[in-house]
Structure formats: structure tokens, C-alpha cells
Amino acid sequence: MSCCGVIIMPYENPVPAAPRRSFELTGGMVAAMLILFFGVIVSVNATIMTMALRTMPGVETRSAYETSQHFNEEIARQHERDARGWSAAATLVRQGDGATLAVTLADRSGGPLVGFVTSARLRHPATSARDRELTLSESRPGRYETRFDRIETGSWILELQAKRGEELVFVSRSRVTLRER
């Protein structure tokens, strides 16, 4: 101890630190980084593509050739419908977990179209796994209805067909929306 109350401690030189080796980027490291980088990119792309194809395969029809053979018939049928002035108004209303589909068929003057055998197909815009084939029955003149137990909320494509005997006389395709409860 010194005269001023200061403690004096002996000084020792610290051991010098070993010199650090500088970082050296080698060819093997670069190759590993490139393989890792592109491996991540390829695996993410493969995952996204697999998920996309499972939810929306993109197949609209089983045989495009067969469908194309009936295209002119379909166009002629649409022209006949337009010349007659027939129209369809559809509503899809939630009832519990299910829904009711009601279609009103009317002629040019608004009179009901009666006596048809009607069928419909509710198509989900994203996947055909959720599509529904429906048969409608005439509840009152010009009004055709059906009820089903379960259906998801959202937008649907309604394809309606009306037959008189075996002759398909009316075809309509429209969008309907099912609201939440």
C-alpha cells in the first residue's frame, strides 16, 4: 500500500493472443452453398406445384375431342333458346348445413315454362371433387326446386338443363353465390 491509500499491484504482460487465421473461401464451400441454395429453390417449387396440381388439376373435360364434336350443336341450341326468349333465374339459399336451389323458367312475356324434366349441376370453380349433380322437381308452375344436406359457402357455377321428353330444349349456365348462415 502506498502513502496515499492507493493499492499498487504488480503489472504483468498478458500473453499475446494467437494470430487468427484469415477467412479463406474455398471452392468446396462455394459448391456447397450453390447446391444448398438451388436445393431449397427446387424443393419449394416442387412442393408448391404438387399442392397446386392436387387442388386444381386443370382438367375441364375428359375428352376434348368428343366435346368439340358437339360444339356446333351447343351453339345451335343456344341460338334456339335466344330466339324463343326463354330465361332462367336461379337462387341458392342456405338452410341449416344444406341449401335449397330454386330455378324459375320463364318465356319471353314472363309466363312460366311448365312440364320440363330439369337437372342441374353445381360446379365448384376450383375442383370437380365438390361438384353436385341435382334433379329439380316442379314445385309450382315454372318454379323448379331441390334441397340438399351439405354444401360449402361460396361461388358456384350452375349448369341447368331442361328436357321435354328426350329432347333437350333449354340449357343455361350462370354463377350463383351461397352466403354464410
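Observations
- Computed from the alpha carbon atoms alone, the convex hull of the range 8-51 holds 118 Å³ per residue.
- Shown is the FRET efficiency for E166 and T55, computed with R0 = 45 Å from the Cβ-Cβ distance and rounded to the nearest 0.05: 0.75.
- A Förster distance of 35 Å, applied to the separation of the beta-carbon atoms of I48 and N72, puts the FRET efficiency at 0.30.
- Taking the longest Cα principal axis of the chain as reference, the axis of helix 27-55 is set at about 20 degrees.
- In the range 70-158, the trypsin sites (Lys or Arg not before Pro) that fall in loop regions by DSSP, at most 10 other Cβ within 10 Å: R108, R150
- Look at F37, F148 and count the other Cβ atoms within 10 Å of each Cβ; fewest to most, that gives F37, F148.
- The C-alpha atoms of the range 72-178 occupy a region whose extents along the principal axes are 38, 32, 23 Å, arranged from largest to smallest.
- Semi-axes of the equivalent ellipsoid of the range 82-131 are 26, 14, 10 Å, computed as sqrt(5λ) over the eigenvalues of the C-alpha gyration tensor in descending order.
- Exposure proxy for H124, H79: other Cβ atoms within 10 Å of each Cβ, ordered fewest to most, give H79, H124.
- Taking GluC sites (Glu not before Pro) as exposed when their DSSP state is a loop state and no more than 13 other Cβ atoms lie within 10 Å, the longest site-free interval of the chain runs over 61-151.
- Computed from the C-beta positions of V114 and Y65 and an R0 of 35 Å, the FRET efficiency is 0.40 to the nearest 0.05.
- Pairwise Cα inverse-distance average, inverted: Kirkwood Rh of the chain (Å): 22.7
- Nearest-ten-degree value, helix 71-84 long axis tilted from longest Cα axis of the chain: 60
- Springs between Cα atoms under 10 Å define the GNM used for the chain, and in it the highest mean-square fluctuation of A102, A52, A32 occurs at A32.
- In this simple spin-label approximation, T100 and S87 carry label points 7 Å from Cα along the Cα→Cβ vector, and these lie 2.3 nm apart.
No lab work stands behind these numbers, since they all come straight from the coordinates. All values reported here derive from a predicted model rather than from experimental measurement. All Cβ positions, glycine included, derive from the backbone under ideal geometry; neighbour counts span all protein chains shown.
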